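Undergrad: To start, I am sharing the structure in question, which I have written as C-alpha cells.
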Amino acid sequence: SDVANAVLDGADCVMLSAETATGSYPTEAVSMMNRVCLEAEAAVFSRQRMSDLANARKHVAFDLNESIAMGAVTAATNKHAVMIITLTSSGNSARLIAKYRPRCPIAVVTRSAQVGAACNLHHGCMPILYPYPKPADLPAEGTDGDERLRWALRQLREQNLVEEGDYVVLAHGWKTGVESLATYRVLAVGDSLEEMTAVGRPEAK
C-alpha cells in the first residue's frame, strides 16, 4: 500500500487524507494505518539503513553533532539498548538521532511543550515534558543534565518502558546558548537511579 511504501522509503510520519480522513470510520482507519506502519517497520533493516545514510555522505565531513548522533545510534544498536534519551531545548538533537533510524524509541526530554509536540512528527520520538524550570543559578541549559536524566529514567521506569539491567543511551551537550550534542553515554539501569553505572566504568555513580 501507499502507507507501507512511505514507511519503507523512510517517511517520519504518515497522515490520512481525502475520503479516509472524512469517512465514517476514522478510528478504524487510523487503527489499520497503525498496523500497516508497524508491519512495514518490522521489515526495515535499520543497521543497513544507517550504513546507507553514512555512505551517502562519506565524502563530506561530519560535524560534531552529526557524529555524536550517529555514534549514539550505533551504540544503541550494538548494545541492544531499549531507549535513547536526549535532553533538548530546540529538538535539534532529537531530529539528528531520528535521522539514523534507531530500532529503539527516542525519549526526548524537554522543557518546551512546543518542541515536544513537534518531535512527535519525527521517527521514533517520544516526548517527555520536564516540568521544572531551569534553576536561576545555573549558567547554561545543559548544566542540570544529570538531574533531568534521573527524572526521565524515573518516569520511564514507572511506565515500565525501562527496567533493571536494561541498557539506555544518553546523548546531550553543555554548550551555552546553542544546543550542541557533545557526548553520548551507554548506561546500565540498576536497582535504583543512584546505582546507574556507565558501561566500562563500573565505579561511576
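Undergrad: So how strong a dipole does the stretch 2-42 carry about its Cα centre when Lys and Arg Cβ are +1 and Asp and Glu Cβ are -1, to the nearest 20 debye?
TA: 100
Undergrad: Right, another one. In what sequence do Leu87, Leu64 fall when counting other Cβ within 10 Å, fewest first? Walk me through the numbers on the way to the answer.
TA: Details: Leu87 27, Leu64 13.
If I rank by nearby Cβ atoms, fewest first, I get Leu64, Leu87.
Undergrad: Among 104-114, 148-158, 124-134, 24-34, what's the highest-first ranking by average C-beta atoms within 10 angstrom per residue? Provide the component values of the computation, followed by the final result.
TA: Details: 104-114: 19.7, 148-158: 17.5, 124-134: 16.0, 24-34: 11.6.
Output ranking for 104-114, 148-158, 124-134, 24-34: 104-114, 148-158, 124-134, 24-34.
No lab work stands behind these numbers, since they all come straight from the coordinates. The structure presented is a predicted model; accordingly, all values stated were derived computationally and were not measured. Note: ideal-geometry Cβ built from the backbone for every residue, glycine included; neighbour counts use all protein chains shown.
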